[in-house]
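Student: Sharing a structure here in structure tokens format.
The values are calculated or read from the model by the stated rules, or taken from the named source; none is laboratory data. These numbers were taken from a predicted model, which means no experiment stands behind them. Heads up, the Cβs are rebuilt from the backbone with ideal geometry, glycines too, and the neighbour counts pull from every protein chain shown. Note: areas computed on protein heavy atoms with side chains; ligands, DNA, RNA excluded. Shrake-Rupley method; radii C 1.70, N 1.55, O 1.52, S 1.80 Å.
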Amino acid sequence: MRKYSDVFSDTDFLWGSATAAYQCEGAWNEDGKGEGEWDYFNHHSVLNIHNEDGDEASDFYHRYKEDIDLMVEGGQNTYRFSISWARILPNGTGEINQKGIDFYNNVINYCLEKNVEPNVTLFHYDLPLKLAAQGGWLNNKITDYFDEYAKVCFKEFGDRVKIWATINEPRYYSYCSNIVGNYPPNRYADIQSYFQYQYNLMLASAKAVNSFKQMKVDGIIGIVHDNGSVEIDPTAENQEEIFKIADFFYNRMILVPALEGKLPDELEEMKKTFNFMIYHSDNDAEIFSKGKGDYLGLNLYNRQYVKHWENGETEIFHNNKGADSMSLEGIRLKGLFESSFDKEVRRNKWGREINPRVMHTALLEIKERYGNPLILIAENGHGIYETPDENGYVEDDERIEIFNEFLEYMLKAKADGVNVKGYYHWATMDLYSWINGYEKRYGLVRVDFKNDFKRIPKKSYYWYKDFINNYSKNTK
Ligand code: BGP
């Protein structure tokens, strides 16, 4: 039987790429899969602004072998993907769908056959519709439903999967679902639900970590956080206070439970600052105390650059229209803080900062403040519009330039003592970019969605292959 100790036996670093179930699998109603909240939202909501969906996505469900072959060909030794909860438990709880289990067994076995280390995330935004209809992440039974689902996965796949993540980006997911309102169930500026979501997601994660340990699964388990390292505009007033409030808003409800097994010390104070409460049970503290992760997965795209609140009502700035919008990404929270827009920093077409330096800053900050945990960069990438040549080949030099800078900063952090042992580029191939649709492309491999989902590796794919090769040569 494979062991976790085998993972780093012939390599000191994992190099790979990542996807998520809803964004790439397609086959939305095949082989007994239950309907998901995103299926429902995309089929029915006027807020699906590009009128796209994940019904077919990148057709990974039928093409996983080709995708894994391409990873191997590209020098990658690991693959991060997520399991669709509704494929395993069509109703979210209760009846198990054997065909769903078979599919993931096939993916995992094929990875292992090709020496690609599977890194599995249990929940990446795609809640089963039946659970969403019962209040989703605000329902107080949800944490037990998640634990039930996690246990099925540990039992079925735990003999072969050695790297697990419970939940992808509980913070950003809560943010989009409750503050921006662009992800279902589309609540806007709802601070109460934003924090209750995070609490319930972290409690669910802690329950699953508990189960993992009780079942004695050999492997590591953690959570994946979107690290928005907070940086303060030097012209801001009350900088220490603003940092504390913004760091709580962006990071601490996730990082403290995940890395210290408790709730943040400042929670009571912050309930007053933000004006919210948390529905909880008396024994939650004990669950959190046993729910600490073995490592931290970090999705590193940007920082959170903020200053004191100047004036104006609460407002959320977001851009899912890309070049069709001038909106920059940010927030103003009345009376608390607001985003600062740094003109010196480049931005992508969706109004988000491109700032590779923050890879180094964020990694060092976590090392220093949270006891130097094992870290895997679970996502990092750059979304762009792309035009292929007549053969479908994309020369994505802009991606390569930024990719290179991010990697250099990561290796610098490693040299500075950060315990980072893996990197997953987002994404393995082009896929559904949530509410942005399909034209915000992230893949190392182009997917021709209009031409039988043809896969064509991009220039960045070959560049990454060389980078990995050189790294391996130089560290031998
Ligand atoms: C992360 C998500 C991914 C992915 C990526 C790019 O937050 O975990 O699922 O989509 O961001 O974001 P987007 O597709 O919104 O541009």
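Student: For the list (1) open to solvent by less than 10 Å² (accessible area, probe 1.4 Å); (2) within 16 Å of the ligand (Cβ to nearest atom); (3) not small (Gly, Ala, Ser), I need the number of the one condition that LYS458 fails.
Tutor: Among (1) open to solvent by less than 10 Å² (accessible area, probe 1.4 Å); (2) within 16 Å of the ligand (Cβ to nearest atom); (3) not small (Gly, Ala, Ser), LYS458 violates only (2).
Student: Considering only the range 296-318, I want to know if a residue exists there that is without any contact (Cβ under 8 Å) to a residue 40 or more places away in the chain, among the polar types (S, T, N, Q), within 16 Å of the ligand (Cβ to nearest atom) and more than 19 Å from ASN238 (Cβ to Cβ).
Tutor: No.
Student: Which pairs have Cβ atoms under 8 Å, sit 6 or more apart or on different chains, and link a residue in the range 383-405 that is within 18 Å of TRP15 (Cα to Cα) to one that is surrounded by 11 or more Cβ atoms within 10 Å (Cβ to Cβ) and among the β-branched types (Val, Ile, Thr)?
Tutor: Listed pairs, sorted by first residue: ARG399/ILE384; ILE402/ILE354.
Student: Follow-up. Considering LYS216, LYS207, which residue is away from the ligand (no atom under 16 Å from the Cβ), under 18 Å from ILE142 (Cα atoms) and of a type in the set (D, E, K, R)?
Tutor: When all the criteria are applied, what remains is LYS207.
Student: If you take the residues of the range 338-378 that are among the hydroxyl-bearing types (Ser, Thr, Tyr) and closer than 25 Å to GLU313 by Cα, which of them is surrounded by the most Cβ atoms within 10 Å (Cβ to Cβ)?
Tutor: SER339
Student: Please go through (1) in a helix (DSSP H, G or I); (2) open to solvent by 60 Å² or more (accessible area, probe 1.4 Å); (3) modelled with pLDDT of 95 or more for ASN474 and return the number of the only condition it doesn't satisfy.
Tutor: Result: ASN474 passes all but (3).
Student: Across the range 411-432, what is the number of residues that are surrounded by fewer than 21 Cβ atoms within 10 Å (Cβ to Cβ) and in contact with a strand residue (DSSP E or B) (Cβ under 8 Å, 6 or more places away or on another chain)?
Tutor: Selection size over the range 411-432: 3.
Student: On to the next question. For the range 278-310, what are the residues that are out of contact with any strand residue (DSSP E or B) (no Cβ under 9 Å at 6 or more places or on another chain), open to solvent by 60 Å² or more (accessible area, probe 1.4 Å) and within 30 Å of LEU47 (Cβ to Cβ)?
Tutor: TYR279 - this is the single residue of the range 278-310 that is out of contact with any strand residue (DSSP E or B) (no Cβ under 9 Å at 6 or more places or on another chain), open to solvent by 60 Å² or more (accessible area, probe 1.4 Å) and within 30 Å of LEU47 (Cβ to Cβ).
Student: Look through the range 4-43, keep the residues that are part of a helix (DSSP H, G or I) and among the polar types (S, T, N, Q), and return whichever of them is farthest from the ligand (Cβ to nearest atom).
Tutor: SER5
Student: List the residue pairs whose Cβ atoms are under 7 Å apart, where the first residue sits in the range 265-283 and is closer than 21 Å to ASN139 by Cα, the second is part of a loop (DSSP other than H, G, I, E, B), and the two are 6 or more positions apart or on different chains.
Tutor: Cβ pairs passing all conditions: LYS271/MET277; TYR279/ASN140.
Student: Filter the range 121-149 for residues that are touching a residue at least 24 places away in the same chain (Cβ under 8 Å) and in contact with a Lys or Arg (Cβ under 8 Å, 6 or more places away or on another chain); which is nearest to the ligand (Cβ to nearest atom)?
Tutor: THR121
Student: Ok, one more. So THR93 passes all but one of these: (1) in contact with a Phe, Trp or Tyr (Cβ under 6 Å, 6 or more places away or on another chain); (2) within 24 Å of VAL447 (Cβ to Cβ); (3) open to solvent by 10 Å² or more (accessible area, probe 1.4 Å). Which condition number does it fail?
Tutor: The failed condition is (2).
Student: Right, another one. Only one of SER177, SER229 is under 21 Å from ASN275 (Cβ atoms), within 16 Å of the ligand (Cβ to nearest atom) and of a type in the set (Gly, Ala, Ser); which?
Tutor: Of the residues listed, the single one that is under 21 Å from ASN275 (Cβ atoms), within 16 Å of the ligand (Cβ to nearest atom) and of a type in the set (Gly, Ala, Ser) is SER177.
Student: Of the residues that sit in the range 241-253 and are open to solvent by 10 Å² or more (accessible area, probe 1.4 Å) and out of contact with any strand residue (DSSP E or B) (no Cβ under 9 Å at 6 or more places or on another chain), which one is farthest from the ligand (Cβ to nearest atom)?
Tutor: Among those residues, the one meeting the criterion is LYS244.
Student: Next up: I'd like to know if the range 434-445 contains one or more residues that are away from the ligand (no atom under 13 Å from the Cβ) and at pLDDT 95 or above.
Tutor: yes
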